[in-house]
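Here the structure is laid out as structure tokens; the discussion comes afterwards.
Values in this text are rule-based calculations from the coordinates and carry no lab data. Quick caveat, the model's predicted, so the values are computed rather than measured. Glycine also receives a Cβ, built like all others from the backbone with ideal geometry; neighbour counts cover every protein chain displayed.
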């Protein structure tokens, strides 16, 4: 059974604990990252087949008839140019080659990885207005299914992760289409898509998800990667409805930020693992500076690793958001230097999470949990 750690306080944002139990702040760890130079490290040994990253985002600016849409609020946010740089592309490259350049860059990274053989690239539906159409005034990011399905099909390293807002009038037909197009899961960020997972009106959507064997990868917890969000919709307890209907639910980030009803979302999700055998959670983003300590804490919860799945939250793997040196209170300096010296971002992510003692079965679970026969 999954048990709560006895009276364990939540580890919030930039604070975590040193081995001696003293607070160690992000600025201190950041300073360590700046002064500790990585040494020469041998490459990590490749696994026999490589792992599957179930959580990699796509993006774009609408170039090349991709259909990608970035809302004004997001375009004007300080986050947008940072995200574009994180994908390893420039606006000029995207304008010249189209948004497919972003997915080509993801494919090149995965192809060169020795530890990860496939990544699920995620579409992202937007807010649906009263007329049943995409509401471009409140949608912050829209990455169409057709674009992601078409572009991932060009790369054997990539799989198609669909996104369908259940409030679309033709939501069930859209689920059928993405299933036929080879989708291995459906992705939601309820906080920015205007979806209440507990809404009884979307029962037919959940029934179709279960019938099509499409897991639901849904953001859980607070959302701060976008300009605005409705964090009530990230309450893990609102996932009881799909779970009770037999949908395989993967709660992104183990709900490791924010609180609802006066309780940390991470604490709120733990009892649900005992109640629902179809609940899983991914470990994407848990090495970021705003979530320090959460991965180590989660791995101490008895039996929880049996429900965890490997993901990265690509492209949010860049310095200063992520650095192995931020984790020196949980890993050794040699392990931090080894991970930091790896050129490939997916290999670096695996090495850091292995150093944090993520079990091998967590890395392998994506292959077992998702219908990977749709992405041979």
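General remarks:
- Cα shape, region 47-374, gyration tensor, a/c 1.5 rule: rounded
- Between 215, 242, 130, the GNM of the chain built on Cα springs shorter than 10 angstrom shows 130 fluctuating the most.
- Label zone at residue 111, where the point sits 7 Å out along the Cα-to-Cβ direction: region 141-178 residues whose backbone N lies under 15 Å: 151-159
- Over the chain: helical MRE at 222 nm, DSSP H runs n ≥ 4 each giving -39500 (n - 2.57), nearest 500: -9000 deg cm²/dmol
- Förster radius 35 Å - calculated FRET efficiency between residue 343 and residue 200 (Cβ-Cβ, nearest 0.05): 0.10
- Residue of 305, 244, 113 that the Gaussian network model of the chain assigns the largest fluctuation, springs spanning Cα pairs under 10 Å: 244
- Rounded, prolate or oblate (a/c below 1.5 giving rounded, otherwise prolate when a/b exceeds b/c) for region 79-182 by Cα gyration tensor: oblate
- Protection-proxy order for peptides 324-331, 52-59, 295-302, each taking the mean of Cβ atoms within 10 Å per residue, highest first: 52-59, 324-331, 295-302
- For the chain, share of DSSP beta bridges that run antiparallel, in % to the nearest 5: 30
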